[in-house]
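Worksheet: the structure to be examined is printed underneath.
The values are calculated or read from the model by the stated rules, or taken from the named source; none is laboratory data. Since the model is a prediction, treat every value here as computed from it, not as a measurement. We place every Cβ from the backbone using ideal geometry, glycine too, and count neighbours over all the protein chains shown. For the accessible areas, the whole protein counts, side chains as well, though only heavy atoms, and no ligand, DNA or RNA atoms are used. Shrake-Rupley method; radii C 1.70, N 1.55, O 1.52, S 1.80 Å.
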Amino acid sequence: MVERAQNAAQSSDANRRTAAHPPRSPRASAMRGTYAALDLGTNNCRLLIARPAGDGFIVIDAFSRIVRLGEGLAKSGKLSDAAMDRAVAALSVCAEKLKRRNVTLVRSVATEACRRAINGGEFVARVLAETGIRLQIITAEQEARLAVMGCHALLEPGTGPALVFDIGGGSTELVLLDDPIGDESGAAHVGDWFSAPWGVVSLSESEPHVGDDEAELRAAYDRMRARVSEAFAPFAATLKRRGVGDGGRLLGTSGTVTTLASLHLDLPNYDRRAVDGLIVPAESMRALSQRLAGMNVSQRAQLACIGNERADLVVAGCAILEAILDLWPAQRLSVADRGIREGILRSLMAHELRK
């Protein structure tokens with residue numbers, strides 16, 4: 001839901017210019033106000049606050065926290081009290097930032113965990129009562145289109161259809177972009193889309209990857225890949241019917257691909273500037289995925305850019321990524337550290353320009 005705000009920890013992303021540009025317009029420089037995009041996912045709570053600048057925008061504040069809202073959802077069908085408490089605590093921080101930054105227009109969305117949970121509506125009501133934030137539970141299609149809007153500018157130049165994917169906590173969205181990719185307004189031409197009910201949290205809980213025996217770990221990983229491939233089967237049939245899917249440009253936006261890109265670069269610490277827009281050989285991403293699949297949680301936690309917070313979930317993301325590479329056998333993968341939030345900001349600013 002888009003909100004007009006009466007009142008609206010500086011992050012390391014502050015004052016960076018993003019390439020998630022709104023449509024070009026001579027009126028862009030005349031835009032005023034501060035805009036915000038909040039994305040509450042199955043695993044993360046993320047906020048961007050930005051102001052228009054030229055044909056893009058400058059982020060003036062940001063926030064990201066792993067809340068694991070979907071923890072236990074696969075078994076119970078409900079958001080747990082502990083998970084909701086973590087999310088509300090993070091959203092309270094976001095509410096304070098919105099107030100302090102005098103945000104004039106904000107859109108706050110919730111995705112798969114709230115879509116799937118039987119108490120998702122009750123949680124949304126609690127968030128409004130305790131934080132003042134109005135969460136909108138968006139559909140999988142809306143989620144896919146926002147992600148594409150926020151990152152498709154990073155697709156490798158070329159011709160022919162392309163595939164954009166977003167590996168989330170509770171689901172994975174696949175978006176087929178037609179050739180040409182976009183029009184003069186900057187909007188992408190979406191040919192088809194698909195949402196699978198597997199993300200890093202839901203897959204990890206449904207097919208545990210635990211223990212210390214490498215053979216057992218790899219067997220669990222193979223079961224993960226099989227589950228995801230089965231879920232992708234309808235979209236594979238769609239690609240075949242459309243005569244595409246033999247490989248082509250591929251763009252991924254998720255913690256999985258940015259983490260693997262960091263490992264590919266052997267970074268001592270995560271660096272968005274090095275990762276966002278990077279093009280990595282697909283075989284390198286497969287090799288890293290296979291390497292992680294043979295490690296236990298403590299071994300993965302010792303790797304730079306993974307740590308304790310991602311160590312138990314990253315392998316599920318690797319399994320989903322390899323299933324995507326099986327579906328769309330690209331030679332290279334473009335990496336985006338941007339997505340839904342940038343898509344929301346872009347749509348908010350475009351809306352203001354049309355007024």
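Projecting label points 7 angstrom from Cα along Cα→Cβ for THR139 and ALA274 puts them 4.2 nm apart. Annotation: extensible slack from GLU216 through GLU283 equals 21.8 nm (criterion: 0.36 nm per residue apart, minus Cα-Cα distance). Put HIS152, HIS189 in order of accessible area, highest first, and with a 1.4 Å probe you get HIS189, HIS152.
Summarising the label geometry, the points placed 7 Å from Cα in the beta-carbon direction at ASP179 and ALA74 lie 3.8 nm from one another. May I ask for the net charge around TRP193, where only other residues with Cβ less than 15 Å from the Cβ of TRP193 are counted and Lys, Arg are +1 while Asp, Glu are -1? The answer is -4. Averaged per residue, the chain has 42 square angstrom of accessible surface, using a 1.4 angstrom probe with ligands and nucleic acids left out.
What residues from region 203-219 fall in the zone where the backbone N is under 11 Å from a label point 7 Å along the Cα-to-C-beta line of SER298? Backbone N within reach: 212. Would you list which aspartates and glutamates come within 15 Å of LYS99, measuring only between C-alpha atoms, while excluding same-chain residues fewer than 8 positions from it? LYS99 reaches GLU3, ASP61, GLU130. Of all beta bridges that DSSP places with both ends in the chain, some 70 percent have antiparallel geometry.
P(r) tail, region 246-355: Cα-Cα pairs separated by more than 19 Å, 48% of all pairs. Sorting the segments 125-134, 166-175 by their mean number of nearby beta carbons within 10 angstrom, highest to lowest, gives 166-175, 125-134. Once divided by 2.2 N^0.38 Å, the Cα radius of gyration of the chain becomes 0.95. Pop out the carbon and sulfur fraction of the accessible area of the chain as a percent, whole number, probe 1.4 Å. Result for the chain: 49 percent of the exposed heavy-atom area is carbon or sulfur.
The alpha-carbon of LYS75 sits under 13 angstrom from the alpha-carbons of these aspartates and glutamates, leaving out residues fewer than 8 places away in its chain: GLU205, GLU207.
Modelled label positions at THR159 and ASP55, each set 7 Å beyond Cα in the direction of Cβ, lie 2.3 nm from each other.
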